[in-house]
Structure formats: C-alpha cells, structure tokens
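The values are calculated or read from the model by the stated rules, or taken from the named source; none is laboratory data. Note that the structure is predicted; figures quoted are calculated from it, not measured. Note that we place each Cβ from the backbone using ideal geometry, even for glycine, and neighbour counts take in every protein chain shown.
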Amino acid sequence: MDKFVIKGGVKLKGELSASGSKNAVLPIMVASLLSCGKSVIRNVPDVEDVRYMIKVLEYLKAKVDFNNHTLVIEVPEKLNFKAPYDLVRKMRASYYVMGALLGRCNKVDVSLPGGCAIGERPVDLHIKGFEHLGCKITLEHGYIKARTRKLKGSDMFLEGSKGPSVGATINVMMAASLAGGKTVIRGSAIEPEVGDVAHFLNAMGAKITGIDTSIIAIEGVEKLHPVDFSVIPDRIEGATLLTAAAITGGELYLKNCNPNHMSSVLEKFREIGHNVKTDNKTVYLKAVKNLNPVEINVLPYPFFPTDMQAQFTSLLSLVNGMSVITENIFEKRYMHVPELARMGADISIDGSKAIIRGVKKLLGAPTMASDLRASAALVLAALAA
C-alpha cells in the first residue's frame, strides 16, 4: 500500500507553477477522437488519470505519445466503439468516450464508469442528452449502448437536481459538434474546464457559442480537423498549493495560474485573514496569525468548489472559533473528517454540514485516505501538525 510519511510543523515558502488541468485534459484527450489525424496537446499534467486515459485511447485504436507534458494523439479512420469494463471501471472520466464515439461512429458501447467513492454519480443526464440528439439508449449486461443513424441537433435542458453537470455538458457538446443542425444546451455547466473543451473543439473547427454561460449553442459541422492546443492551469491544484502555504503559516508565489478561475477560494482566504495579491497569471499568499472563522457554501462554479471542501476542512480546523462548511454537491464527501479527528481536529457532521471548532494544534497520527481530495486534506493537516 502506498503511503506518505510526513514530518510537519515547517512553514512552507517559495515559488511554484500550477500544472495543466486534469479535469480539462481528460475530456480534451477524448475529444481528439472526433477528428482523424495528429493532434498535439500541451501543458498536460503527468498524473495517473492521464496515463490511464492513454490506455483507453490506445484500446480505441489511437496512437499516443506522451513526453515532457505534451501529448501527441494520432487518430485513425476507423475506431473501436466499445469501451470494456476492465478499461473504464477505474476512472469515471472514461465515460467521455460516449460523446466522442457517437460523434465519430454513431454508436458506442461503454461499461458503467468507475471513479472515486464519494457518493452517487448517475449518468442519467448524459443519457438524456444523447436521447435528445436522436440516440436509442439501452442498458445491457452492465453496458450503456447507444445507437443512431445520424445525430440530430436539439434544444434541451440538461441541469440536474443538484445543478448543472460538467460531464454531461461536455459529453453532449462533443457529440453535438458533429450532429446535423443546431443544438442548444440550457442549464449547461460553466466551469472553466467546460470552456476549455469548447475552445479545443472550436480550434478543431466546431461552431460553439455561449462559452462560459449557462446556454451553449452548437452548430453541427460535417468534419473536424486535428489541432495544436495548450490546456488551462489546474485551479484545484493551484488552490491546494496555496492552502499548504496558509495552513503552515508560510507564503507562496503561485505562477502560471489563472486567478479568475480561483476567485471564490481566494475570497475565502482573504475572509479568513490571509494576505492575498493577484495579477494576470500569479497569486501571492502570505499567511497571518490572527485568523477568522468562516462559513462556506459549496456550490457549482463560480461559487466555492466541492473539490476544495476537504482541503479547507483541514485549514479551518486550526482557525480559532466555529466555521461551517455546507456540502451541496456530493453526499459522502466528509470521509476525511474521522481521519482528521485522529489528529486532534474537532469536527462534527450534521447532514450536509461540517461544524469545525478550531483547535490550537494538530498531532501526527496514522490516517487512511478514501479519495483524491481527502488525501490532499490529510497531507495538508500533516504538514501543519
């Protein structure tokens, strides 16, 4: 079993650059399947999910080279249209192949996706969107099977009970790029990663408007072409690095980032009391001693992101007074709380709320991480202990 052994209590100071966005590059990798030929994708983070998505693309018959944070993806005329369980079970982002393969092949068989164990992640909205585009969807032996003679543009409302869906918006947007006629997605997600995929598709020759708004329009085209494209910085990684400086009482110059994409998190750093300054591509954070408890309401972008909830739970555990975080996106995303309690944190859970009573210090202890962001939260706590 992999583990970190961390000796904390050191103020972290220095300069770092944000990596490319994992949540943008994964669907962009899949979107490259919409065109034959060789696409180049730059500023790619070297993380396990990217390596795994390479295996998915190679199974679907693409040739992939990954070196020095640059992907070269060569897509043939004929693709596999089936993504088996063994490939997709480990990573939920594998369901993006649905939109790309429907666009290219008018059919797809994909096993129900896997991913982090942090609550329900239904693909109902994806299916609803594809049905609007004229697909017949069936569920057989653990596979979602979609078939159509020709994708047809449609006007649809795609928002779910918990708000817009990043995955469904991207999946439908990819398929609609090669559909006949115009597609309008109302209630679309406005996350920067959605916008980056849209910009990638437009660079390929798609006609997408309304980017970064809740109503996206896609005018289908006959054919797309390969491109050379650079992925946006990872706002969650950047915000997590800033949290490491804050929780240890240090300071950080974060370079090659987009402060606008992190505005809700930066606002909370300032509300807590930390010194935060920004320019076009840099954030500077200097921690201070006298801190204020805060209330955080986790909501879809542009509000405070669910992917920073766990990290701020750790940060606020050392802020004097009572802070409250309300998680409105995913159930079961407080699995890091019992582990933080092992380190001395005083946190109670009441439904979707985490009530955090700040303590003077955390103590080192063996802990177990349940998912990616919980892992980050525990590492942050250990750095401060």
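Per this entry, residue 214 is not counted among residues that are of a type in the set (Ser, Thr, Tyr) and in contact (Cβ under 8 Å) with a residue 60 or more places away in the chain. A residue that is modelled with pLDDT of 95 or more, under 30 Å from residue 248 (Cα atoms) and not in a strand (DSSP E or B) can be found somewhere in region 29-44.
Looking only at residues in region 271-299 that are surrounded by 15 or more Cβ atoms within 10 Å (Cβ to Cβ) and assigned to a loop (DSSP other than H, G, I, E, B), which one is farthest from the chain's Cα centre (by Cα)? That would be 291. For residue 211, the requirement of being surrounded by fewer than 23 Cβ atoms within 10 Å (Cβ to Cβ) and either hydrophobic (A, V, I, L, M, F, W, C) or outside any helix (DSSP H, G or I) (or both) is met. Taking residue 240 as the residue in question, decide whether it is buried (at least 21 other Cβ atoms within 10 Å of the Cβ), polar (S, T, N, Q) and at negative phi. The answer is yes for residue 240. Screening region 133-176 for residues that are small (Gly, Ala, Ser) and surrounded by fewer than 21 Cβ atoms within 10 Å (Cβ to Cβ) and picking the one that is nearest to residue 221 (Cα to Cα) gives 153. If the condition is being assigned to a strand (DSSP E or B) and either within 21 Å of residue 372 (Cα to Cα) or in contact with a helix residue (DSSP H, G or I) (Cβ under 9 Å, 6 or more places away or on another chain) (or both), then region 1-28 contributes 13, 14, 16, 17, 20. Against the conditions (1) in contact with a Cys (Cβ under 8 Å, 6 or more places away or on another chain); (2) on the phi > 0 side of the Ramachandran plot, residue 372 satisfies every one except (2).
Of note, residue 103 does not satisfy the criterion of being buried (at least 23 other Cβ atoms within 10 Å of the Cβ), under 24 Å from residue 225 (Cα atoms) and out of contact with any Leu (no Cβ under 6 Å at 6 or more places or on another chain).
Inspect region 303-312 for any residue being touching a residue at least 24 places away in the same chain (Cβ under 8 Å), part of a strand (DSSP E or B), closer than 16 Å to residue 350 by Cβ and hydrophobic (A, V, I, L, M, F, W, C) and give the result as yes or no. Checked against the condition, which is being touching a residue at least 24 places away in the same chain (Cβ under 8 Å), part of a strand (DSSP E or B), closer than 16 Å to residue 350 by Cβ and hydrophobic (A, V, I, L, M, F, W, C), region 303-312 yields no hits at all. Checked against (1) without any contact (Cβ under 8 Å) to a residue 60 or more places away in the chain; (2) surrounded by 21 or more Cβ atoms within 10 Å (Cβ to Cβ); (3) over 19 Å from the mean Cα position of the chain (by Cα), residue 179 passes all but a single condition, namely (1). Residues that are on the phi > 0 side of the Ramachandran plot, loosely packed, with under 15 Cβ neighbours inside 10 Å and out of contact with any Ser or Thr (no Cβ under 8 Å at 6 or more places or on another chain) occur at least once in region 64-75.
Each residue in region 341-369 was checked for being within 27 Å of the chain's Cα centre (by Cα) and at positive phi, and 1 pass. When the residues of region 319-338 are filtered to those that are over 18 Å from residue 266 (Cα atoms) and of a type in the set (A, V, I, L, M, F, W, C), the one that is surrounded by the fewest Cβ atoms within 10 Å (Cβ to Cβ) is 322.
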